[in-house]
């Protein structure tokens, strides 16, 4: 500290509040506007990584499901977990749209990120859906798709390219628009 120019604390409380609000505003802007666009895991327009996971619910229950077996179809992957409240809200929306697209070459597949099959099965019993779900016990598939939050919706076009990858609730109209854009 310099004896000729000592640092004095401000006595202007208003100045402190204005500066604090400015800093808070900048932090919030960065968190909600900038960060969502720099998430390295949310790659689109790349080939979807192939995987094989056990089907725990729906058609083929008890059998392995390979993503590449769905080649030539639009695929909607719903990454979810039994403890995820927003996932429970998202699933009925996905189910309604899945039923509407059932005969059109669009396949819906739930991907449970639970670490226990029993928890995932109990959730599916309480929140029934018409589409199949697989279990990603190790989290490897979730990491491959850059899943950082739940629910995450990934849409893959018929050529196997990821056209959408986002962790948020999606409304029915938005979901239909995303599917149509991938067709």
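Overview of values
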read-out	value
Only one of 61, 69 that is assigned to a loop (DSSP other than H, G, I, E, B) and either in contact with a strand residue (DSSP E or B) (Cβ under 9 Å, 6 or more places away or on another chain) or modelled with pLDDT of 95 or more (or both)	61
Exclusive hit being part of a loop (DSSP other than H, G, I, E, B) and within 21 Å of residue 64 (Cα to Cα), set 115, 148	115
The one condition in (1) over 15 Å from the mean Cα position of the chain (by Cα); (2) outside any loop (DSSP other than H, G, I, E, B) that residue 130 fails to fulfil	(2)
Filter result for residue 158 (in contact (Cβ under 8 Å) with a residue 24 or more places away in the chain and assigned to a loop (DSSP other than H, G, I, E, B))	yes
Some residue of region 94-101 being in contact (Cβ under 8 Å) with a residue 60 or more places away in the chain, in the same structural domain as residue 57 (by TED's automatic domain parsing) and farther than 16 Å from residue 78 by Cβ	no
Among (1) part of a loop (DSSP other than H, G, I, E, B); (2) modelled with pLDDT of 95 or more; (3) under 19 Å from residue 182 (Cα atoms) - the single one residue 103 does not satisfy	(2)
Number of the exception - residue 159 against (1) within 14 Å of residue 48 (Cβ to Cβ); (2) surrounded by 13 or more Cβ atoms within 10 Å (Cβ to Cβ)	(2)
Count of residues meeting criterion [in contact with a helix residue (DSSP H, G or I) (Cβ under 8 Å, 6 or more places away or on another chain), exposed (fewer than 13 other Cβ atoms within 10 Å of the Cβ) and assigned to a helix (DSSP H, G or I)] in region 164-179	0
Lone qualifier among 113, 107, 152, 127 - being assigned by TED's automatic domain parsing to the domain that holds residue 84 and surrounded by fewer than 19 Cβ atoms within 10 Å (Cβ to Cβ)	127
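The values are calculated or read from the model by the stated rules, or taken from the named source; none is laboratory data. Note that this is a predicted model, so its numbers are computed, not measured. Neighbour counts run over all protein chains shown; Cβ positions are idealised from the backbone, glycine included.
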